[in-house]
Amino acid sequence: MSTLQSEQSLTGRVVFQYFYDCGGEVELEKVPLEKLNVIHRVAPKRLRVLAPKYGEVGLQPLEISFGTKNIDGHEARVDGRIFPIGVIEIYIVIEFRNASLKSLIRLVRLDEHPVKVSGTEVEFETLAREYFEKLLETIKPALTSPYPAYKHPETYTLIMITESSPKLKAQDFLRRFRKQTAGILRGEKEWRRLSDKEVEDALKSYLSYSEDDIVIVDWYSALMSGAVNYMDELEHMIELAKIQLLELKTYDKLLDMRLERAYDSLYAVFTGARVGMLWGRRWYGKLALAAGELAEWRVEVTDLVEDMRNILKFTGDWYLGKLYRIASERFRIQDWLALVDRKLNQLQELYAMAMERVDVHRARTLELLIILLIAIEVVLALVIGLK
């Protein structure tokens with residue numbers, strides 16, 4: 001039987017991506033460039049307009065080179081990207097030439113087990129995290145608007161096929177070699193045993209501009225073939241969606257922390273012992289403080305989320321915009337946006353509740369002061385009358 005494994009010879013690269021939240025926005029002009037090996041890229045001339053303007057949404061990165069490493073016998077290039085929005089990406093690139101399906105799947109699975117680096121066995125993610133932590137320490141002076149960082153990275157793998165022999169068409173990945181393609185995407189060495197349902201799920205999100213190129217976006221990896229002239233653009237568009245997902249997860253965690261503190265603060269105020277004027281003065285202050293914090297948190301997180309929403313405005317109707325929409329649907333971006341929106345609404349409800357109590361307390365205080373003033377006036381009138 002004719003199979004991809006026996007007939008095809010594949011050339012390209014595998015890119016292991018790790019996206020980390022910095023715990024604050026990054027002012028690139030304050031990054032100490034003298035301590036970093038900055039990559040200066042010349043933008044290629046475009047035959048047509050494909051991409052949105054990343055700079056307008058805070059996604060134009062500063063690129064850093066960490067050199068090469070020998071990872072399990074593979075020569076790997078390690079680079080990083082610093083995004084102003086507060087994200088550092090560490091990506092590890094390993095090239096393959098004239099590879100079979102079996103060797104390619106083995107390469108895609110490289111990050112699933114400990115690897116040897118300079119004679120030492122380490123977890124693949126540990127290697128990426130070490131580069132991230134060193135880079136984060138270097139750029140600390142450039143961090144602004146700090147917040148608790150999301151500790152878990154978003155990971156993704158890109159399989160980028162630049163040549164194939166015999167030459168593969170876009171439909172070959174979807175029809176003739178669909179199980180093999182699903183095996184590459186899922187890193188499944190027993191690809192022949194994949195069910196039709198699993199194969200269908202792996203291949204359902206794809207885009208093809210011509211008969212010779214295709215991009216298939218799966219949950220944990222994407223396969224690109226043929227689009228050699230603008231493969232980097234395709235990579236950046238998927239990167240954009242992954243950054244958005246990471247930041248939404250960060251804001252979701254941040255909102256959980258804020259909501260928990262808000263509930264604790266308001267519970268203490270509403271259930272505390274109430275003893276006359278002393279209670280009023282002390283607990284009114286705490287209630288006003290809680291309301292102020294709620295307002296500040298909501299403005300802060302709303303501003304961050306709006307930056308994420310603005311990404312949508314620059315995808316347009318171009319080919320890469322279509323790819324972004326496919327990736328965002330695959331990564332369930334809208335679900336995360338809806339979740340964050342619900343928690344922002346909870347913050348608003350808590351703020352309204354706190355302000356309602358503040359207003360009630362103010363009204364009661366004013367009533368008490370009016371009564372006291374009336375009483376004082378009556379007493380003074382009586383005293384003057386007695387004289």
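The values are calculated or read from the model by the stated rules, or taken from the named source; none is laboratory data. A quick note: this is a predicted structure, and the numbers were derived from the prediction, not measured. Neighbour counts run over all protein chains shown; Cβ positions are idealised from the backbone, glycine included. To get the accessible areas, we keep the full protein, side chains included, count just its heavy atoms, and leave off ligands, DNA and RNA. Shrake-Rupley method; radii C 1.70, N 1.55, O 1.52, S 1.80 Å.
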Computed FRET value (nearest 0.05) for K151 with E75, which takes r as the C-beta separation and R₀ as 30 Å = 0.45
Separation of the D303 and D359 label points, Cα + 7 Å toward Cβ, nm = 2.6 nm
Could you compute the FRET efficiency for R342 and W219, with r as their C-beta to C-beta distance and R0 at 22 Å, rounded to 0.05?
-> 0.40
Given Cα pairs under 8 Å that are at least 6 residues apart, what percent is the relative contact order of the range 97-199?
-> 32 percent
For the pairs K30/K249; K169/K204; K116/K140; K204/K322, note any where the Cα-Cα span goes beyond 20 Å.
-> K30/K249; K116/K140
Could you give the distance between the Cα centres of the range 320-381 and the range 184-229, to the whole Å?
-> 47 Å
Sulfur and carbon atoms: percent of accessible area, the range 117-180 [1.4 Å] | 49 percent
Length gain on complete extension for the stretch V383 to E296, per 0.36 nm per residue less the alpha carbon to alpha carbon distance?
-> 26.2 nm
Once both labels are modelled 7 Å past Cα along the beta-carbon direction, what's the R106-E329 spacing in nm?
-> 3.7 nm
